[in-house]
1. Consider just the alpha-carbon atoms of the range A:28-275 and return their Rg together with their Dmax, both in angstrom.
2. I need the peptides A:265-271, B:335-341, B:229-235, A:87-93 ranked by packing, meaning the mean over residues of other C-beta atoms within 10 angstrom, with the highest value on top.
3. How long are the semi-axes of the ellipsoid equivalent to the protein assembly as shown, from square roots of 5 times the Cα gyration tensor eigenvalues, in whole Å, largest first?
4. With just the Cα atoms of the range B:86-132, tell me how far they stretch along each of the three principal axes, in Å, largest first.
5. Consider just the alpha-carbon atoms of chain B and return their Rg together with their Dmax, both in angstrom.
6. Given C-alpha coordinates of the range A:212-281, what is the ratio Rg to Rh with the Kirkwood estimate of Rh?
7. So who's got an amide H within less than 5 Å of the one on B:TYR170, skipping anything under 5 residues away but keeping other chains? H placed 1.01 Å off N, in plane.
8. Can you work out D for the range B:61-162 in µm² s⁻¹ from Stokes-Einstein, where Rh is the Kirkwood radius over C-alpha pairs, the temperature is 4 °C and the viscosity is 1.567 mPa s?
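The values are calculated or read from the model by the stated rules, or taken from the named source; none is laboratory data. None of these values were measured; they are calculated from a predicted model. Positions of Cβ are backbone-derived with ideal geometry, glycine not excepted, and every protein chain shown enters the neighbour counts. Heavy atoms of the whole protein, side chains included, go into the accessibility calculation; ligands, DNA and RNA do not. Shrake-Rupley method; radii C 1.70, N 1.55, O 1.52, S 1.80 Å.
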Amino acid sequence: MSDTVGFTSQDSATRISMGNAITAEELASREDRASEEVARYALILGDDSLMLAQRLGHWISRAPELEEDVALANIALDLLGHARFLLTYAGSAWDKTEDDLAYFRDEEEFRSARLVEHENGDFGQTIARQLIFSFYAYALYSRLLASTDETLSAIADKALKEVDYHRDHAAQWLMRLGGGTEESHRRMQTGLDTVWTYIEELFIDVEPTTQLAEAGVAVLPSALRDEVLTQLSTIIEEAGLRVPQAKGAFGADRSGRYSEHRGFILAEMQVLAREHPGATW
Amino acid sequence: MSAQKPHLQAVEPDAAQVTEDARVAADQARVGWERFQEIIADDKRIEPRDWMPDDYRKTLVRQVSQHAHSEIIGMQPEGNWISRAPSLKRKSVLMAKVQDEAGHGLYLYSAAETLGTSRDETYEQLYTGKAKYSSIFNYPARTWADVGAVGWLVDGAAITNQVPLCRASYGPYGRAMVRVCKEESFHQRQGWEILYTLSHGTQAQKQMAQDAVDRFYGPALQMFGPPDAESPNSQQSMAWNIKRFSNDVLRQRFVDMIVPQAEALGLTLPDPDLKWNEERGHYDYGELDWDEFFSVVKGDGPLNHQRLAHYRAARDNGAWVREAAAAYADKQAAAQQDAALLSA
């Protein structure tokens, strides 16, 4: 590409964030390929991050305060980064790129949980979803660090530092909204009650995760349940809110019984890429 | 100050004191004015605590807040494409870019605060439609190529305008612009790269790129403001070292920059009068549609209403969150005070 057309900066325009330990591009160029099972596991984790990033991206320019536009964009960017690592790694098993997997899989081929597909709702509901997901993700990645799969361990190392900040962000807002005004307390409680029904799906053991967990490659979701629920209950009570007692909503196990929202999310996300199959962007 | 509340009663002002106060104030203003003139003559920086003429302050508040508002409204046309970006890498870069714009808004609102204008006050002016922002953002970003054209042409015009502003006489503004310019040059390059990829892609992609450039070229040139003869505030701004070059000088500089860039893209610029003038050492360009420009500025552009409605909806929907954060902070402060009293 020509570098002589008078730009003040010659920096690459594809810088994503400062201090990236690994990049999706670097991952794609690695020799080691994921096995079929590891790839299917990486899709489960990657699809969660991708869907949530897509949801959070909608807040940019719509947040309650300019600092929150920045913060939510930051979180969305981190999650998109995780998705890119995981999808890139998954794709190595099938000679597919991250974009093949993100843009050219159909609805029933995604593995995301209903929680991350759930609508943003108001800011309280978004914070409720962030709270649950970031505590879950932190527990997950802190264990995945010890994975015998080096690539998964490296991804976990990178992601862990970021989801730690996401936890902090969600917890601080939980406190503010729980203890702020009567209205914020009510909305935060409603937000928690709304998304809480989808929490159990995060802890369901499905294949190939169970089998990979035995081999020390993956983290068994059910093993995270008590820790995450205890942490969430403590912090919700600390914020003066009530821990929802809703039973888990029936009917989802990441095997194709997905939310009504997924189709709309993908319709929007995939539309342009699918209008121009084979094109480079 | 006495701990006791003073009795509220009308006090006859002491005429001698009033005269004395006025004399002191006039003295301070005279010394301040001389110092201000000196700083400007030496091409040094005015800082927030320095005395400055009211008009200088007003001019800066207007310019800095308009710039901040442009960053905020400017998040919309591109933000509109985050969910549909055609690759994950592009989605990532676009998100980072729109996030940068929010960051620029923050630096600039802070610079305006150092001039004594609170963020809430500045927000209010945008909310009520009293404040202006760059009218280019009232045009739609319809296609993915528009994201490229906005980066290349709109951010490119912005940089051309802003690089000299890094030397603006008002310190906080100049310093904010240094950071803004670094990021903007990255934005311009990503826009150009989007267009480069499209113009070297399929026929449909190339057409998409050409169409976007055709639509954004004229409005981008108008971002420098009206021709010099019709730009009433420019002279004073230049005398104050806020503005360093006139609108037409900057516009010419931009045209001279983008012509070779367009050639490298393999795209044409929609101006039949565009040609190299050997004598001037610059590109000549055709007359711009200033009627359209002024009607967009006055509120009749394609999306003025939509942009403002989007901004207002975000502010309205977030009001309860801001109230909660303020109430929570008050409660925390009160609790800390109580704790301090108890331990005393």
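1. Looking at the range A:28-275, its Cα Rg and Dmax stand at 17.4, 56 Å.
2. Numbers: A:265-271: 17.1, B:335-341: 9.6, B:229-235: 12.3, A:87-93: 25.0.
Most protected by this proxy first, the peptides run A:87-93, A:265-271, B:229-235, B:335-341.
3. Details: eigenvalues 426, 272, 77 Å².
Taking √(5λ) for each eigenvalue gives 46, 37, 20 Å, largest first.
4. Computed over the range B:86-132, the largest-to-smallest principal extents equal 43, 23, 14 Å.
5. 24.5, 83
6. Values: Rg = 19.3 Å, Rh = 16.6 Å.
Computed over Cα atoms, the ratio is 1.16.
7. Distant-sequence amide H within range of B:TYR170: B:ILE46.
8. The Stokes-Einstein estimate is 91 µm²/s.
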